[in-house]
Amino acid sequence: MNKKALFHFCTLAMLAAATSGQVLADDKIVLNYNVRPPYIVEESDGSASGLTASPAANAFKSAGVAFTWAKAAPNRQLAMVQENTQKTCAIGWYKTEEREGFAKFSKALYRDKPTVMIISSGFKIKDHAKLEEVLTMPGIKVLIKEKFSYGHYIDAALAKLKPQTVVSNGTNTQMLQLIAAKSADLMFAAPEEANYLIEQSNVAKDKFSQFKASDMPDGGERYLICSKNVPDDVMAKLNKGISFK
């Protein structure tokens, strides 16, 4: 082989290797998360652990599916899944009919305990009140997160009863500060994170109380939500690595 042919061969080999590397890099699924203890706790190396993050990571590792961690705000996570321009998944989302229209869901990673309400001090709810009784209290203002699902039972009650709502796109800690400032009367939270939120709010604990409606069912199941670019066989592999059910 002459020098010109050898040079041409080496150039092609380098291009092929680079292209192969790019394919491998592009083939990694982007696993998005937002910090939300105790569900999702950021680790020093950029990975995440917690009630939903750990089983999600274990599913990828068990399935041998390559992935890379990325931190993104919840609304951005959902937008990336819906845009479907890359292979991307996000951790710990509730399943809704709307989301099933543009995304793929894994098996459940975790089921919440019955949802509680974090209530501003001075806002009184009678003992053993049902959710409908709370949401129809005169003048009540309910703080909700933008584009967020609280599970079918609460979502349906909000849609049916239409209480006055204050909509926020802030973090849960920021929302809690709105409750302390009496910008709204209550917000919903999983009991797993309610105490943590109150501790992290930098507001005196006597500014809040917690209440569970007497008819509140078990909390919703949390899933991996993935863009439709993620192949069905990959979803099947991930499901085999999820041991919650």
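The values are calculated or read from the model by the stated rules, or taken from the named source; none is laboratory data. None of the values given here were measured: they were computed from a predicted structure. Here Cβ is always computed from backbone atoms with ideal geometry, including for glycine, and neighbour counts include all displayed protein chains. Areas reflect the complete protein model, heavy atoms only, side chains present, ligands, DNA and RNA absent. Shrake-Rupley method; radii C 1.70, N 1.55, O 1.52, S 1.80 Å.
Largest accessible area first, the residues Leu158, Leu178 order themselves as Leu178, Leu158 under a 1.4 Å probe with ligands, DNA and RNA left out.
Short-range pairs are left out: with C-alpha atoms under 8 Å and at least six residues apart, the relative contact order of the chain is 31 percent.
Checking the table Lys28/Lys104; Lys28/Lys145; Lys130/Lys212 against a 20 Å threshold on Cα-Cα, which pairs fail?
Working: Lys28/Lys104 17 Å; Lys28/Lys145 31 Å; Lys130/Lys212 9 Å.
In this structure, Lys28/Lys145 exceed 20 Å between Cα atoms.
Restricting the calculation to alpha carbons of the stretch 64-132 gives Rg and Dmax of 17.6, 53 angstrom.
When the Cα gyration tensor is reduced to axis lengths a ≥ b ≥ c, the ratio a/c is 1.5 or higher for the stretch 87-204, and with a/b above b/c it is classed as prolate. Of Lys126, Lys182, Lys28, the residue with the greatest mean-square motion in the GNM of the chain, using alpha carbon springs below 10 Å, is Lys126. Mind checking which of Pro37, Pro191, Pro138 has the largest fluctuation in a GNM of the chain, springs on alpha carbons under 10 Å? Judging by the Gaussian network model, the answer is Pro138.
Taking Met216, Met235, Met137 as the candidate residues, the one with maximal mean-square fluctuation in a Gaussian network model of the chain, Cα springs under 10 Å, is Met137. In the chain, the C-alpha radius of gyration followed by the widest Cα-Cα span (Dmax) gives 22.6, 91 angstrom. DSSP beta bridges confined to the chain are antiparallel in about 55 percent of cases.
Estimated from helical segments only, the mean residue ellipticity of the chain at 222 nm is -11500 deg cm²/dmol, where each DSSP H run of four or more residues counts as -39500 (n - 2.57). Taken along the Cα-to-beta-carbon direction at a fixed 7 Å, the label points for Ala70 and Gln82 span 1.7 nm. One Cα centroid belongs to the stretch 117-133, the other to the stretch 67-101; the line between them spans 33 Å.
Please sort through the DSSP H helices of the chain and keep those with an alpha-carbon extent of at least 20 Å along the long axis and a Kyte-Doolittle average not below -1.0.
3-27
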